[in-house]
Amino acid sequence: MSLKCFLTVIPPALVTNKIKLDVRGAVLNSSVDNKKVSLELLCNGQVIADTPETLLLSGELAEINYTLATTGLTDENSIELRVNEAGKASSELQSFTVVESDTRSSKLISGTWNSFYHWSESEGKHWNKDIKTLKAEDWRTHIQGMHKLGMDTVVIQELFRNQVYYGEHQNSKDYLGAAFYPSTFGNGRVDIACGDPLEVVLSEADRLEMKIFVGVGLYAWFDFSIDSLKWHIKIADELQEMYGHHSSFYGWYISEEIFGDLGNDPKREDEIVNFFQAFKTHCKKLSPTRPIMLAPNCNFILRAENGWKRLLPHLDVLCPFGFQRMSEKDISQLAAANLFQKWCDEAGTHLWMDMEVFDFEPDKALVPRAIEAIKEELNTFTDFEKTICFQYTGLMADPAGRIALGGQQAIKLFNDYQEYFTAAIAKGSAMYS
């Protein structure tokens, strides 16, 4: 096709009637000829935004964006990007569901992290041995289990294993990390049975109409240096070339994470701001509407207020974690959430919650949290427009699967949360508690 269409709706899939959707459309003229085009955005068949006809030069991009209030919308809805050129129209379509609510949050977990192998042997004690043996069919049923729980969005934790930290990294040209997919970079492959679990996950997510944040990383924990940036750009280019055709490829996730205080160092703040500014500019050339997400912890964010205000304009989604583990010397959980919301609103950034569905055993092994604790947290943090959890892998397990990662404890949490989710859907809203 000479015109390539792009359409992204943030957040995707299930939302409440108390938020505003970020609708992003674009068209790229990939032909050698100039084209006269006009763009329209339609909600449920009605035009909500349009552009006048304009001359789109070869290789040029035209964009159309709209903020759509969900007030008054119910049940199933559609967003269409329509591109008109020479009397012909091409289009892209996205669907979403609106539930009635008295809060911004649906009080449901509508997404999750997925790990192909947990980075910590001690934390992944109860499933790392088994996860190495998963074959393609097992990864398909793994994604199907998420889908059964209404988890429409999946974040791939990392696509390279390199267990080093900021200041310990090598030059990007001598990177020693191992890949989880058939990459031409890095130091070989991680020792797992499935040859390309990313292709399996994306293909199954395509079929189920789920959304995947592809995890670019890990270069080194908390590392946003210039070498890290060069490496991330190189990997993003490869991922786009290999997997960019998948309809489920929704966005980019940066795996490095960061503390809420942004390292408590002006130099580190400058690095992270420059990293995301440059990475976002580059990724827009690859796919102009895909969001970029970062998941920091929420500790001592006031120490980096200026840094966050500089950084957030270069992020599309901020997804903080660790609220229930905040220090007594810090501000309260809700105060931190409210500050992040204020800063994100000012920057035009989406604020989602990374809710931890685990507890620690004495030896630091992760085990599933009790469903009552999860329900309490869902009903406490009600301003996040979307809640995703860390993580389904090893902490929830569909009993229908060949291998239950995490064993009976994970099966129990799957069943307990499925009961909660089913009751919410049966009531016709997400107000179940």
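Derivation of every value follows stated rules applied to the coordinates shown; laboratory data play no part. Computed from a prediction, not measured in an experiment: that's the story for all the values here. Methodologically, a virtual Cβ is constructed for each residue, glycine included, from the backbone with ideal geometry; neighbour enumeration extends over all protein chains shown.
As an exercise, use a Förster radius of 51 Å and the Cβ-Cβ distance of S31 and R189 to find the FRET efficiency, rounded to the nearest 0.05.
The formula returns an efficiency of 0.85 here.
Placing unit charges on the Cβ atoms of the charged side chains and taking the dipole of the stretch 213-287 about its Cα centre, the candidate lying farthest along the positive direction among F276, S287, G260 is S287. Counting only DSSP H runs of at least 4 residues, each contributing -39500 (n - 2.57), and dividing by the residue count of the chain, the helix-based mean residue ellipticity at 222 nm comes to -8500 deg cm²/dmol.
Take the Cα of Q163, step 7 Å toward its Cβ, do the same at R402, and the gap between the two points is 2.7 nm. Between the stretch 162-215 and the stretch 52-103, the alpha-carbon centres lie 32 Å apart.
Hey, quick one: spin label on S78, modelled 7 Å out along Cα-Cβ, who in the stretch 26-48 has an amide N within reach, i.e. under 20 Å? Flagged as within label range: 26-27, 39-48.
Please give the length that would be gained between K284 and S2 if that part of the chain were fully extended, namely 0.36 nm times their separation in residues minus their C-alpha to C-alpha distance (nm, one decimal).
Numbers: separation 282, 0.36 × 282 = 101.52 nm, distance 1.89 nm.
Result: 99.6 nm gained on full extension.
Please work out the FRET efficiency for the pair D130 and D359, using the Cβ-Cβ distance as r and a Förster radius of 25 Å; give the result to the nearest 0.05. Working shown, then result.
Details: r = 20 Å, r/R0 = 0.80.
So the FRET efficiency works out to roughly 0.80.
Sorting F279, F185 by the number of Cβ atoms found within 10 Å of their own Cβ, with the fewest placed first, yields F185, F279. Here the extension length gained between E241 and N44 equals 67.6 nm, from 0.36 nm per residue of separation less the Cα-Cα distance. Every Cα-Cα pair in the stretch 3-99 was counted, and those over 20 Å apart are 36% of them. Distance from the Cα centroid of the stretch 237-293 to that of the stretch 218-233 is 10 Å (rounded to whole angstrom).
Other residues lying with their Cβ under 11 Å from the Cβ of H282 contribute a combined charge of +4, Lys and Arg counting +1, Asp and Glu -1.
Quick check of the Kirkwood formula: for the chain, what is the inverse mean of 1/r over all pairs of different Cα atoms, in Å?
22.3 Å
Given a Förster distance of 60 angstrom, what is the FRET efficiency for L302 paired with S95, based on the Cβ-Cβ distance and rounded to 0.05? It would help to have the intermediate numbers written out before the result.
Values: r = 40 Å, r/R0 = 0.66.
It comes to 0.90.
Karplus-derived 3J(HN,Hα) values for the stretch 362-377, using 6.51 cos²θ - 1.76 cosθ + 1.60 with θ = phi - 60°, are x, 8, 6, 5, 7, 9, x, 6, 5, 4, 5, 5, 5, 4, 4, 5 Hz; glycine and proline are entered as x.
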